[in-house]
Amino acid sequence: MIISFSICSTMLHDLLHGIDPGGFLIIQDSCSCSGRRLLWSFIKAALNRTEAVHVLSFEVSEDELKNGLKGSPIERLHFHNAYDDPLGWTRRAAFTVDHFCVERVTQLVEQSSQVKPAVLIIDSLSWILRHVSPSAVCRTLQQLNNGGPVGNIIGLLHSDMHPRGMVGSLCHLATSLINVVTGPRGDHAKITKRLKSGKVLQDEEVFSIKDDLTVVGQSKFSLAEPQEQRADPTANLTFNLRLSDSQREAKENLALPFVFSKEKKAALLHTGSGRIVYEPDANDDYDQEDPDDDLDV
């Protein structure tokens with residue numbers, strides 16, 4: 001039996017609903033488990049919070065994105081088309097990989113009139129990393145994340161398209177990371193969140209996404225299933241490894257030889273005067289005139 005729970009107490013819910021504003025979030029997926037619908041859920045949540053959302057889209061057309069966001073208030077959605085000509089071959093592209101710099105992105109965001117900082121969506125970071133040096137990408141993301149017209153940055157990253165070191169360097173910049181993988185009970189979100197204090201929080205949740213992009217979560221600890229009965233290795237022994245109550249009481253009351261009682265400690269620590277008395281027996285060859293006679297000197 002699967003016991004569902006309200007997602008309001010989970011880390012995924014906090015990230016999705018902007019309880020912790022600011023920062024840089026990476027949704028990391030692979031060819032076996034796509035994170036794009038989860039990315040769209042973040043877009044819808046930001047639009048429902050009346051925030052302006054700017055999408056740098058390299059992999060999805062504007063029509064496909066808006067069809068996926070049906071029912072959302074898309075009047076605050078600003079689509080920057082990098083899908084038709086991502087490399088700028090026609091020289092008429094609205095946005096290309098070469099335009100991914102602080103000056104150009106800031107200019108695009110500032111063109112829309114908004115009161116509070118906007119949410120920047122990058123779909124996907126993999127397109128940019130394939131054509132721009134990783135150091136330049138990290139530098140741009142870090143500068144955009146230092147304030148200004150961009151409040152939150154959410155990027156989709158296809159981890160299996162890049163070397164592990166490159167993925168690690170980029171994820172090190174993120175304040176939050178959601179690694180989407182496929183598990184035996186559905187999609188899993190492995191979440192890492194870095195607090196300003198330096199503390200790192202981690203969680204793992206099983207989740208599903210409805211047609212309206214609502215995220216429904218199930219804690220991995222809520223999956224109540226009958227466990228297999230493990231064999232008792234002590235069941236068929238010819239001797240007993242367990243103690244009865246009376247045996248345990250006798251063991252606890254037993255005085256061990258190397259443990260001194262209070263009386264013995266007091267006797268040993270008692271201060272007083274004393275002397276050593278030597279009484280030789282008949283077999284002792286003791287010369288009063290030469291006590292060292294037995295030594296060969």
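Just so you know, all these numbers are worked out from the coordinates, no wet-lab data involved. The structure presented is a predicted model; accordingly, all values stated were derived computationally and were not measured. Note that each Cβ is placed from the backbone with ideal geometry, even for glycine, and that neighbours are counted across all protein chains shown.
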Next item on the list: Grab segment 22-222 and count how many Lys pairs have their alpha-carbon atoms under 24 Å apart, sequence gap of 8 or more, or different chains.
Entry: 17
Notebook entry, point to check: Out of residues 5 or more away from residue 58 or on other chains, whose amide H comes under 5 Å of its own, with H placed 1.01 Å from N in the peptide plane?
Noted result: 123, 124
Next item on the list: Please identify every one of the trypsin sites (Lys or Arg not before Pro) in segment 27-104 that sits in a loop by DSSP and has no more than 15 other beta carbons within 10 Å of its own beta carbon.
Entry: 49, 70, 91, 92
Check: Relative contact order of segment 22-222: what whole-number percent is it, with Cα pairs under 8 angstrom and at least 6 residues apart?
Finding: 28 percent
Next item on the list: At 7 Å along the Cα-to-beta-carbon direction for both residue 91 and residue 131, put a label point, then send me their distance in nm to one decimal.
Entry: 1.6 nm
Item checked: 5 angstrom amide H check on residue 52, placed H, neighbours 5+ away -> 119
Check: Short version: ³J(HN,Hα) in whole Hz for each residue of segment 73-87, in order, from phi by Karplus 6.51 cos²θ - 1.76 cosθ + 1.60 (θ = phi - 60°), x for Gly and Pro, what are they?
Finding: x, 8, 5, 9, 8, 10, 9, 10, 6, 10, 7, 5, 8, x, 9
Item checked: Exposure proxy ranking, count of Cβ atoms within 10 Å, fewest first, for 199, 193 -> 199, 193
Check: Taking the Cα centre of segment 22-222 as the origin and placing charges on Cβ (Lys, Arg +1; Asp, Glu -1), which of 94, 200, 147 is farthest toward the positive end of the dipole?
Finding: 200
Notebook entry, point to check: Across segment 88-99, in residue order, what do the Karplus-derived ³J(HN,Hα) couplings come to in whole Hz, using 6.51 cos²θ - 1.76 cosθ + 1.60 with θ = phi - 60° and x for Gly and Pro?
Noted result: x, 5, 7, 6, 10, 6, 5, 8, 10, 5, 5, 7
